[in-house]
Structure formats: structure tokens, C-alpha cells
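Novice: Below you will find the structure I want to go over with you.
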Amino acid sequence: MKKNWKSIIKTFLVQLFAILLIIFLLLPIYQMVITSLRPSDLSWEVPSPLFPDKFTLSNFAKAFELVPRLPRYLLNSFVYGAGVSLISLIIAIPAGYALGRFKEFKFRKPILMFVIYANMFAPIMLLVPIYVIMKSLGLVNTYFSVILAGSIFTIPLSTWLMTSYIQTLPSEIEEAALIDGCSIFKILPKIVIPMTAPAIVSIFIYSFITGWSQQFILALVLITDDKLMPLTQGLYQFFSRSSVRWNELMAAILMSTLIPVVLFLIFQKYIVKGMTAGSLKD
Amino acid sequence: MLSKKKSTPIYFLLPLIIAAAIFIIYPLYKVVELSFYDANFLNPNNRTFVGLENYKWLFNFKLFNPNISYFLSAFLRSLLWVGGSLLLKLVLGIFGAMIFNSDRLYGKKVYRSLAIIPWAIPWAMAAMMWAWTLNSQFGIVNSILLRLNIINSPISFLSTPTLAFITTFVVDAWVGLPFMIIMILSGLQSIPESYYEAAKIDGAGDFRIFFKITLPLLKPVILTVSLLSLVWTFNSFDIIWILTKGGPLSATETLPVAIYNISFLFQKFGGIGKASAMTIFQVGFVTIISLFYIKTLERGEF
Amino acid sequence: MKKGLVFVVLSMMLLLAVFAFSDETLRVLVPIGGGYTIEDQEAIAKEFERDNPGVNVEMEYVGWDELWNKIVTSVGVGAAPDVMYIGSRWIPALAEMGAIEPIDDLVTQEKYDMYWETVWDTVRYNEHIYAIVRAMSTKVFIYNKDLFKKHNLEVPKNWDELLHAAKTIHDPKNGVYGVAMAGQKFISTVTQFQHYLYANGGRILDEEGNVVINDSKAIRALDFYKELSSYAQPAIIEWRREDLIKLFETGKVGFYLDHVHNALAAMEKGVDVGLLKFPGGPDADLPYSTVIVTDSMAISAQSKNKELAAKFINYMTTLEKQAEWDLTLGFVPPMKREAELPEFQTWYWKPYIEVIQYGYPEAVGIKDWEAVQQVIVDAIHSVLLDVSEPKQALDNAARIISILQQ
């Protein structure tokens, strides 16, 4: 490789742009971290310091004073994550298998197209009827309402994940089992599920994180009881108050985002693979 | 052969079909039905049939701007806002993917892992973090701009109409950027090295390679990812709600925000009937884009 | 893994069931912020429980921002708390919604006579009383005596002098501002503007209920408001009145409108505080003016513990308890006899009490305050942001408010 000055400049520029892009992507996270580490009694300076000068961990403890139900919100987010992923798995695994394996099935194409279409849906599109339906079922202000409503929006992609993964696996083992006299229903738990473990993990991680993190608008409308609020809604109440105590709030947000971020980073392979499969057809 | 069986799938598909019927088809039907009624979210059953009144209302009712109807301004605002966010996502997405794919970059893996972090953050929390980051007195953005002497006095990013509009879609772009980068990156990685080598042998410069080889080959990925992002951005609510709640002066009141406001805040001249009529358009837009999307997928195999 | 999930979900359902069952519990919804703290409210709950054994008081907290939403949505789902702490401005809307009921029979003549008449005006709708006032506020200008002395300024007695004082003190290059004003989309901004409106003889509605927010007096008030804002701190729209104290405490603000407790806070930070009652405007015949704002406690129509709720409210509003509350939190005494107590005769409480007679309630006859508030804030914003002239902005506001009043 000819190392002339043109090449060096190009390399430098690439590094520079990469750093600038990362700064853009991590800026608010950095802001959150330094604010949560800054002692809250320090008076604010303008312009604010770029690098933390004094450190303290006290805001993390104080966050629990500011947000008395913080542990409860955490638990609730977990419940929503677990609930949404459970329902998504229950529905997506058999449906995905059927759509992936049985290619001659009469309604296969319409159903698949419907799944792709439904994947585009977001809560705002069905907000009003979901509220009305939940209200008439008496489910408003219960965990169920948000779990059920939240699942609506993770089931399509979960199904698609299963469908595309199944298609990459040969059907010999299932065929052999069928010939041996195994019923088609037994095949599912005994053979299919173990075989499709990677897809199942993708579905679980995707729907768990979605259920955990992204129920803001659904919770806003369906939940008024503080005891049932997920972290996003619970913390939002403290965000929108006058004289927001930013240090403690940022500490609370930092602690709250740890779980989805850590989960995401650990399972990023599955998520990325899932998303790639979900939006493209290889 | 398994793939020849025609009947068994029904049992496996039953949960999906039932769930879809109850939680997607029925609500969609309800949206259409409610759009012909006047009702309040506190008492949804106490409703009056109004026929096409709500649809007339969509185009006649003016609120803060006496020149254009509330609904139309929200819809157009959505289109503009989405356009801004999508454009930013595409430009930065392609740019970012190219950079993170470049052989000249040291520590590619680290950059990629860092780049997906915004994706992991719940939108609501991302919005709260950004609100603080953009704070006019204590936020780091103003701090940097002041120190670099780019500005003399702090900028209030969320308090003036135009700036708030831009700021909110930039934050939305931030949220969607990792997905964009990862998708385009995987598209980039599927372009065979041989194409580049051939071009370099021919003496092509970086820009020519990009525009004549890379971009055309990325078209399918860019198309699918744009359509997806278009719909997701069009449905975006959390970010605007937390940053500006639709203000100032309705500058950031996109269709989703307007639907929420009409449903739950403006009971005198709003209500879920009118909100349903608005939702029809929200759903309509998504449906049209979805049809394009499905067509694009069909060009690959099924 | 699946078994673990099932276990989790089942145990959560169990938890939920546990919470569904409650004993003699009184649910009280109270706001936090704007002077109210969790500690104060908790103390009250504990006291009531102590004096009423067997009763469990469950306080629910929410910020002022979300209080209205919370009340409305919990009424909507049938889960309204027993006692609701409300801004009295919401009473017409809540009454129309069926969320609260008249409580005339709970108010004895003796109790009625304890309060200023104007206080009852704030909780009356369609001739009925719907709530008992728990906190009252009037506002006067808190000013920095040092800055006034420095520029040889007299205490302003009219609007011209007020503007002159702001202009003289205003020195943005050195971070000194003539006046501090709020502009964020929040109730306190509207209350702030209403002071100017009322001081100039303007109103949102006249006695017959006609919308008059765009008459000449109102336009003049908004004009003045805009002019004054050019001598205020930058980015007004980002500020809430509740946070302006932070600015004033630095000693770099000439004057601003606020509560007693913030006057005290400023004094503690070393500012030489003076108080000046809001002078009447050029179109009005008043020496002073103020806006009477009250927060009150109402019993939810859905409550199954109405008697206990009434007991709780009366407990909170005895002379002693009310005085204790107002002294601790720095609010204006809503009771006449309370105002006569020696503790309120200080130089800093007196102006707030004196100005009551010149005050007018914030929301008489307004049927949907939250929407009206939004409309007024938008009018203020469009003028502050130079999007429209005061007349245009107020005409538009009047148009929408008329629709809202139907």
C-alpha cells in the first residue's frame, strides 16, 4: 500500500469522523453519567463543566428518596418484559413453525403478508380502541392490560423470526419422527424447540426488552396506579415536575437503563441477526 | 413431506389468528366504527352517532392557526418531521456504515459496539436524557457551543417553534441511527471485495467507487430500511411527548401527538370519535407504505 | 427458562391480588412540588392515623404537572381516590364530569364564616360548594432593595414606574435582569399573566360569562407584558415561576412575582428583600391587584368512604392545623381569624394579606380550565415569540374559549 500523504489524510479523516459520530451517539449518555456523579449541592456553573470535577455516589442513594417507588417500578418493568415475552413465545413459536414449514398451506401467503403488515403497527395506531376495549373488560389499571397490549406489537416480528429461522433448517429430523409415529403436536416441544433455540433466544430477548422498555404510551393511557407503573412512566412523573432534581433523576435513569443496555450488549448478536432477518429477505 | 400437508398448520396458527382477530382486526374495526361517533374517553359507551361529521371536522376545525385545519396541520407537520428525521438517519446511517466498515478504522469492533448503545435505551429515557443535555443553562451541548465560541449566549433548543421542531427530529434520528447503521453495514458487508478490487485496478477514486458501485448495490437495503424507518418514525410519540408535549405553539404536534391530545386532553372539542377519524389517516399512511414494503420484499423470494 | 418465566408472571399476579384487597383505607391524592413536599404530607397522614386508630391513610403523590391527568384518568377508570387535592380552578370541569359532588351540608355556618368570602367564590360552582379550601395564594412583587437603592429607584406605584425600574436595573451583559418572568407551558405562567390582566381591569369572562379576554384592557395588559419581558432574563419560555427563585436568590434580579415562602428563601440567601404590591394598571381604578388562587380538598363522588373523607378534610382545616400548614409552607391564610394571629403580622406576610381585598379569583365560571389554560399560554407564547400581535393572539384565544364555554 502506497503510504502517501493522501492516504494518511484519509485515514485521519476516517478516525475523526468515527470519533465525531460516536460523540454524537454517546453525548446524552455521557451527560447522564456526569450529572449523576456530581454532588447535588454544588451550585451550577454556566457554562457547565465538561468533565466532572467532584465525584459522589450519593445521588444513587438519594434517587430512592426522590423516587420512593423506584424498586417497584423496576419490578413492574420486569413483569411487563416477562409477560410480553411469554405471550410472544407462546404465539410465535407454533405460528412461525407452521408458516415456515408448511409451504403448501392455502392461507400461508396472506397470513405472512398480514404478519409483515402488522409488524409496522405501533401503539398510537390502536391506542383509542385498545383503551376502550380494556376499559370495557375492566382491565384498565392492571398488569394484564399493558402486557396484552404490548404483546400485540411484538408478536409479528417474533413470528417472522421463527418463520425465517425454521426455513434454514432441514426437515429430516421431524420427518423421521413423524414416520416413527410421533404426533405433530409432540414434535413441537421435543424437536422443533430445541432445534430453534437461537431463534427462541432472539424472540425472547427482543420481546422482553421491548416489553421492559417501550411501553411508555400504553402505560400512560392504561395505568394510573403508581404501583403498577413501569420505569419509563414512573420516572417521567419526576422528570416533568418543577425544580427537577437532575442529579438524582439522572442517577435513577442510569440505574434504570443498565438492565436493557447490558442485556442488549450481551445478546447483540441475536438482536442484530433478528432484525436483519426481520427486515430483509436474504 | 411436511411441506405438502395442508391442514395441520391451522392448530399451530390458531393462537396467532385468535390474537390477531382480537387485538388487531377488532381494534381496527373499532377505529373505523368509532370514527362515526362522538364519544368521550371517560364514558366511551355513552356515544352519539354523527355520521360523517367527524370527517368534516378533520378539514374544518381550526384551533391555533386560523389558516389551516388542526388535523391537516398535524398531518403535514408529521410528513415534514418524518422527512427530516429520515433524511438525517439515511445520510448519517450510510456515512456511519461506510466509516465503520472502512479498513482504515482502528478499533472497528469497539466503535460498532458503542454505536448500538442508543438502540438499547428506552425511547422515553433517551428523551429525558436529551432534554437535560440540551438544557439551556446546564446542558453539555450549550456548554460545548459556548466554550468553542460558536455562540455567545445559550440556545434554548426546545422553546422556540422552529428550533424545537428540528431538535426533536434530530433526537428521533439519534434513536433510530444505530439500527440504520447496523442494517446498512450488513448490506455493505455483503458486497464482494472483488467489485472494489476490480474498480481500483481500473483506477477509480473513492467517490466514484461509492457512487457507481456501493450505492447502487446498497439500494435494496436502503429501500427496505427506509420504508421501515418511515413507518416507525411516522408513529413516533414518546420522544416528542417528553421533550415538548407538542409545543411550543403546536410546532411539534405531529399526528400521533395530535391524536393523543384530541383523545385525552381536549374533551370539549375533541373526543375519541374525532381521534379515531384522525387515526384512520395514521393507519392509512402506514398501510400504503406497508404495501410498498411488501412489494419490495416480494422481489426477493418468499 | 420458560418455567422461570411462568413462575415470575404467576408471582406477580399474586402480588397484584394482594394489593387488590385493602382494609379501612383512606386514599388521599396530593401533589408534590410548588411548595409541597412528601415529608409534609406524610406527617399529616401519620397525625390523622394517630388520632383515628384503625384507619390507614394511603397518600398518593404526583407532581402538579400530572395531577389533573391523574385525577381525570383515575375517575375515568373508576379508581378515584377518596380525597383529592385539587386546584380549585378545576372544580367546574370536575363537577361536570361527575367526579365530585356538592358538599354544602358539610359546611356549617361557623365554618363558612371563618374564611374570606372570596375564598368561597373559588370553590363554588352553580351555586354549590364543591370543596374546602386548603391553601390560598396571592402574589406581590418581591424586589431586591439593594438594586433599587443602587439606581435610586422609588417603590413603583404604577405601571410606568414599574417598567422604568425594570429598564434601569436591566444589565444583561453583567447578568443582571430587571425582572424575572416565567413562560413555560404551565399554570403558573397563566397566573402570572393574569396578574397583569386583572391589574388593568381585564378578565377572562365578565359577570355575564361573556368572553372578554380580548377587550382593550386585556390587550393593553398583554402589550405591557411583552414590553416588560424585554427586560427579563433570556429564554423566558423555558422558565417556570417556581424556579425563578433560583435566579432571584443570586441577587441579580430587580423584582419578580412570587409567594411568601420564596421571599423568605431569598432572605435566607442574603438578599435584601422588599415587597411591593402589584400596582393597578392605566385602565383600572385600583391601587393594587392580585389573583386569588386556591387549592382545595374534595371528596370523590366514587368514594366508598365519604364520611371518613369528610372527617379527614375537616381535620386538616381546623384553625390550628391550617395555621400550622400556612406558617410551615409559607402560604397566605385563607381564614380571617387566622390572618389575625400574631405569627402572620410580620412585615413580609402583611402585604400578601392586605392585597386580598383587591384580588379576584383565577377561574370563576370557566368550564374547562385545562383547555383554557393551554389557549392562554399559546397566546402568551405567540406574543413573546413575535409570532403575533397581542390583539391577534387574544382574538384567537377568545374565539377558542368561546367554543370551550359552550
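The values are calculated or read from the model by the stated rules, or taken from the named source; none is laboratory data. A quick note: this is a predicted structure, and the numbers were derived from the prediction, not measured. Methodologically, a virtual Cβ is constructed for each residue, glycine included, from the backbone with ideal geometry; neighbour enumeration extends over all protein chains shown.
Novice: Do we have any residue at all in the range B:46-69 that's touching a helix residue (DSSP H, G or I) at 6+ places or on another chain (Cβ under 6 Å), within 9 Å of another protein chain (Cβ to nearest Cβ), under 18 Å from residue A:136 (Cβ atoms) and of a type in the set (A, V, I, L, M)?
Specialist: Scanning the range B:46-69, I find no residue that is touching a helix residue (DSSP H, G or I) at 6+ places or on another chain (Cβ under 6 Å), within 9 Å of another protein chain (Cβ to nearest Cβ), under 18 Å from residue A:136 (Cβ atoms) and of a type in the set (A, V, I, L, M), so the answer is no.
Novice: Are any residues in the range B:185-235 more than 30 Å from residue B:78 (Cβ to Cβ) and of a type in the set (Lys, Arg), and if so, which ones?
Specialist: B:200, B:208, B:212 - these are the residues of the range B:185-235 that are more than 30 Å from residue B:78 (Cβ to Cβ) and of a type in the set (Lys, Arg).
Novice: Looking only at the range B:217-240, count how many residues are surrounded by 12 or more Cβ atoms within 10 Å (Cβ to Cβ) and either touching a strand residue (DSSP E or B) at 6+ places or on another chain (Cβ under 9 Å) or free of Cβ contacts under 8 Å to residues at least 40 places away in the same chain (or both). So that I can check it myself, show each step before the final result.
Specialist: Narrowing the range B:217-240 to residues surrounded by 12 or more Cβ atoms within 10 Å (Cβ to Cβ): B:217-218, B:220-240.
Next cut, either touching a strand residue (DSSP E or B) at 6+ places or on another chain (Cβ under 9 Å) or free of Cβ contacts under 8 Å to residues at least 40 places away in the same chain (or both) only: B:217, B:221, B:237.
Of the residues in the range B:217-240, 3 are surrounded by 12 or more Cβ atoms within 10 Å (Cβ to Cβ) and either touching a strand residue (DSSP E or B) at 6+ places or on another chain (Cβ under 9 Å) or free of Cβ contacts under 8 Å to residues at least 40 places away in the same chain (or both).
Novice: Only one of (1) in contact (Cβ under 8 Å) with a residue 12 or more places away in the chain; (2) acidic (Asp, Glu); (3) surrounded by fewer than 20 Cβ atoms within 10 Å (Cβ to Cβ) fails for residue C:326. Which number is that?
Specialist: Here residue C:326 clears every test but (3).
Novice: Picking from B:96, B:83, B:107, which residue would you name as being in contact (Cβ under 8 Å) with a residue 40 or more places away in the chain, more than 14 Å from chain C (Cβ to nearest Cβ) and over 30 Å from residue A:222 (Cβ atoms)? Show your work before the answer.
Specialist: Numbers: B:83 fails: in contact (Cβ under 8 Å) with a residue 40 or more places away in the chain; B:107 fails: in contact (Cβ under 8 Å) with a residue 40 or more places away in the chain.
Of the residues listed, the single one that is in contact (Cβ under 8 Å) with a residue 40 or more places away in the chain, more than 14 Å from chain C (Cβ to nearest Cβ) and over 30 Å from residue A:222 (Cβ atoms) is B:96.
Novice: Shifting gears a bit: If we keep just the residues of the range A:185-213 that are within 13 Å of chain B (Cβ to nearest Cβ) and free of Cβ contacts under 8 Å to residues at least 24 places away in the same chain, which is nearest to the chain's Cα centre (by Cα)?
Specialist: A:189
Novice: Based on what the data block shows, is residue C:62 farther than 29 Å from residue C:364 by Cβ, at the interface with chain A (Cβ under 10 Å from one of its Cβ atoms) and either touching a residue at least 60 places away in the same chain (Cβ under 8 Å) or of a type in the set (Val, Ile, Thr) (or both)? Talk me through it step by step, then tell me what you get.
Specialist: Working: farther than 29 Å from residue C:364 by Cβ: no; at the interface with chain A (Cβ under 10 Å from one of its Cβ atoms): yes; either touching a residue at least 60 places away in the same chain (Cβ under 8 Å) or of a type in the set (Val, Ile, Thr) (or both): yes.
Against the criterion (farther than 29 Å from residue C:364 by Cβ, at the interface with chain A (Cβ under 10 Å from one of its Cβ atoms) and either touching a residue at least 60 places away in the same chain (Cβ under 8 Å) or of a type in the set (Val, Ile, Thr) (or both)), residue C:62 does not qualify.
Novice: So residue B:247 clears everything in (1) under 26 Å from residue B:61 (Cβ atoms); (2) surrounded by fewer than 23 Cβ atoms within 10 Å (Cβ to Cβ); (3) more than 7 Å from chain A (Cβ to nearest Cβ) except one condition, right? Which one?
Specialist: With respect to (1) under 26 Å from residue B:61 (Cβ atoms); (2) surrounded by fewer than 23 Cβ atoms within 10 Å (Cβ to Cβ); (3) more than 7 Å from chain A (Cβ to nearest Cβ), residue B:247 is out only on (2).
Novice: Hey, among the residues in the range C:55-110 that are touching a Pro at 6+ places or on another chain (Cβ under 8 Å) and assigned to a strand (DSSP E or B), which one's nearest to residue C:310 (Cα to Cα)?
Specialist: C:85
Novice: Go through the range B:172-225 and give me each residue that's within 12 Å of chain A (Cβ to nearest Cβ), more than 16 Å from the chain's Cα centre (by Cα) and among the polar types (S, T, N, Q).
Specialist: B:186, B:189, B:190
Novice: Let me ask another. Filter the range C:222-273 down to residues that are among the charged types (D, E, K, R) and within 14 Å of chain B (Cβ to nearest Cβ) and give me whichever is farthest from residue C:352 (Cα to Cα).
Specialist: The qualifying residue farthest from residue C:352 (Cα to Cα) is C:238.
Novice: Select, from B:199, B:251, the only residue that is touching a helix residue (DSSP H, G or I) at 6+ places or on another chain (Cβ under 6 Å) and in contact (Cβ under 8 Å) with a residue 24 or more places away in the chain.
Specialist: The match here is B:251.
Novice: Please work out which residue is surrounded by the most Cβ atoms within 10 Å (Cβ to Cβ), limiting yourself to the range C:359-373 and to residues that are within 11 Å of chain B (Cβ to nearest Cβ) and of a type in the set (A, V, I, L, M).
Specialist: C:372
Novice: With respect to residue A:98, is the statement that it is touching a Leu at 6+ places or on another chain (Cβ under 6 Å), without any contact (Cβ under 8 Å) to a residue 40 or more places away in the chain, more than 19 Å from residue B:260 (Cβ to Cβ) and within 7 Å of another protein chain (Cβ to nearest Cβ) true?
Specialist: Yes.
Novice: Looking at A:144, A:121 in this structure, which one is within 11 Å of chain B (Cβ to nearest Cβ), aromatic (Phe, Trp, Tyr) and out of contact with any strand residue (DSSP E or B) (no Cβ under 9 Å at 6 or more places or on another chain)?
Specialist: Just a single option satisfies the conditions, and that option is A:121.
Novice: If only one of A:222, A:231, A:254 is crowded, with 24+ Cβ neighbours inside 10 Å, within 20 Å of residue A:28 (Cβ to Cβ), hydrophobic (A, V, I, L, M, F, W, C) and in contact (Cβ under 8 Å) with a residue 12 or more places away in the chain, which one is it?
Specialist: When all the criteria are applied, what remains is A:231.
Novice: Counting residues that are more than 17 Å from residue C:292 (Cα to Cα) and more than 20 Å from the chain's Cα centre (by Cα), which helices (runs of 4 or more DSSP H) fully inside the range C:328-406 reach at least 1? Show your work before the answer.
Specialist: Details: elements: C:336-339, C:350-354, C:369-384, C:390-404.
By residue number, C:336-339, C:369-384, C:390-404.
Novice: What do you reckon, is residue A:62 more than 7 Å from every other protein chain (Cβ to nearest Cβ), more than 27 Å from residue B:94 (Cα to Cα) and either surrounded by 16 or more Cβ atoms within 10 Å (Cβ to Cβ) or among the aromatic types (Phe, Trp, Tyr) (or both)? Give the derivation first.
Specialist: Numbers: more than 7 Å from every other protein chain (Cβ to nearest Cβ): yes; more than 27 Å from residue B:94 (Cα to Cα): yes; either surrounded by 16 or more Cβ atoms within 10 Å (Cβ to Cβ) or among the aromatic types (Phe, Trp, Tyr) (or both): yes.
Judged against the criteria, residue A:62 is a match.
Novice: Could you tell me which of the residues A:50, A:27, A:37, A:21 is buried (at least 16 other Cβ atoms within 10 Å of the Cβ), hydrophobic (A, V, I, L, M, F, W, C) and within 19 Å of residue B:154 (Cβ to Cβ)?
Specialist: Unique residue meeting the criteria: A:27.
Novice: Quick check, is residue C:82 in the same structural domain as residue C:326 (by TED's automatic domain parsing) and out of contact with any strand residue (DSSP E or B) (no Cβ under 7 Å at 6 or more places or on another chain)? I'd like the intermediate steps shown before the answer.
Specialist: Working: in the same structural domain as residue C:326 (by TED's automatic domain parsing): yes; out of contact with any strand residue (DSSP E or B) (no Cβ under 7 Å at 6 or more places or on another chain): no.
For residue C:82, the condition - in the same structural domain as residue C:326 (by TED's automatic domain parsing) and out of contact with any strand residue (DSSP E or B) (no Cβ under 7 Å at 6 or more places or on another chain) - is not met.
Novice: Can you tell me which residue is nearest to residue C:178 (Cα to Cα) among those in the range C:124-140 that are part of a strand (DSSP E or B) and under 16 Å from the mean Cα position of the chain (by Cα)? Walk me through it before giving the result.
Specialist: We begin by selecting, within the range C:124-140, every residue part of a strand (DSSP E or B); these are C:124-125, C:128-129, C:132-137, C:140.
Restricting the remaining residues to those that are under 16 Å from the mean Cα position of the chain (by Cα) gives C:132-137, C:140.
Details: C:132: 38, C:133: 35, C:134: 34, C:135: 30, C:136: 28, C:137: 24, C:140: 16 Å.
Residue satisfying both the conditions and the ranking: C:140.
Novice: Please enumerate the residues belonging to the range A:5-53 that are facing chain B (nearest Cβ under 7 Å), under 22 Å from residue B:132 (Cβ atoms) and either at pLDDT below 85 or over 27 Å from the mean Cα position of the chain (by Cα) (or both).
Specialist: A:44, A:46, A:47, A:48, A:50
Novice: Right, something else. Taking the range B:257-283 as the region of interest, how many residues are charged (D, E, K, R) and surrounded by fewer than 24 Cβ atoms within 10 Å (Cβ to Cβ)?
Specialist: Of the residues in that region, 1 qualify.
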